[in-house]
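**Q** Below is the structure I would like to discuss, written out as structure tokens.
The values are calculated or read from the model by the stated rules, or taken from the named source; none is laboratory data. In this text the structure is predicted, and so the values were computed from the model without any measurement. Note that we place each Cβ from the backbone using ideal geometry, even for glycine, and neighbour counts take in every protein chain shown.
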Amino acid sequence: MNTICYVGLGSNLGDPAANLHSAIAQLSATEGVELRGVSRFYASKPMGPQDQPDYVNAVACVQTMLDPHALLQILFTVERAHGRVRDASLRWGPRTLDLDLLLYGDAVIRDVDLLVPHPGICERSFVLLPLADLAPHQVFADGRKLQDCLAALACDDLYPLA
């Protein structure tokens, strides 16, 4: 069965836009993953420590027959290929690439290594605005509507890149 999934992408080291383009190309070239769309790229202030460069964020829509954990492992592989080293002590630190499985169909997954829908999805304008480019009428598993979540946020810290 094919499942529509949404993947959040972020980068603030090196050439962030190039990092996102490269990650998207690598994802689309992965067997079992079909790229269905990509949002506009947005610049945003970092979460956590502000003494780091701004981020470039986007969301990709993919269709896959892979189970959610297999897709997550692919995301980790793409991150590592771009120099990402996951370090729990740098939760909100700078990174070459950050890929998050935001939504896996309408599944709710609560494992030690995977939380879907991604926690905090409705509090992050850098996720909601790009997601709205692709799925403006998205309703999350808990019944919240993407548009209602967006309306509750000030998105003045985020702007689309040309």
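**Q** Just wondering, is there one or more residues in segment 80-93 that are surrounded by fewer than 16 Cβ atoms within 10 Å (Cβ to Cβ), without any contact (Cβ under 8 Å) to a residue 24 or more places away in the chain and among the aromatic types (Phe, Trp, Tyr)?
**A** no
**Q** Check segment 64-73 and report whether any residue there is surrounded by 13 or more Cβ atoms within 10 Å (Cβ to Cβ), at pLDDT 90 or above and within 14 Å of Pro16 (Cα to Cα).
**A** No, segment 64-73 has no match at all.
**Q** Limited to segment 109-128, what total is found for residues that are assigned to a helix (DSSP H, G or I) and in contact with a helix residue (DSSP H, G or I) (Cβ under 7 Å, 6 or more places away or on another chain)?
**A** Here the count works out to 4.
**Q** Of the residues in segment 129-149, how many are within 20 Å of Arg40 (Cα to Cα) and not in a loop (DSSP other than H, G, I, E, B)?
**A** Count: 9.
**Q** Could you run through segment 5-40 and say how many residues are of a type in the set (A, V, I, L, M, F, W, C) and surrounded by fewer than 17 Cβ atoms within 10 Å (Cβ to Cβ)?
**A** Selection size over segment 5-40: 5.
**Q** Would you confirm, using the coordinates I've provided, whether Ala43 is in contact with a Pro (Cβ under 9 Å, 6 or more places away or on another chain), in a loop (DSSP other than H, G, I, E, B), surrounded by fewer than 21 Cβ atoms within 10 Å (Cβ to Cβ) and at pLDDT below 95?
**A** Answer is no for this residue.
**Q** Filter segment 104-117 down to residues that are surrounded by fewer than 18 Cβ atoms within 10 Å (Cβ to Cβ), closer than 20 Å to Gly37 by Cβ and either among the hydrophobic types (A, V, I, L, M, F, W, C) or in contact with a Gly (Cβ under 9 Å, 6 or more places away or on another chain) (or both), then give me how many there are.
**A** 1
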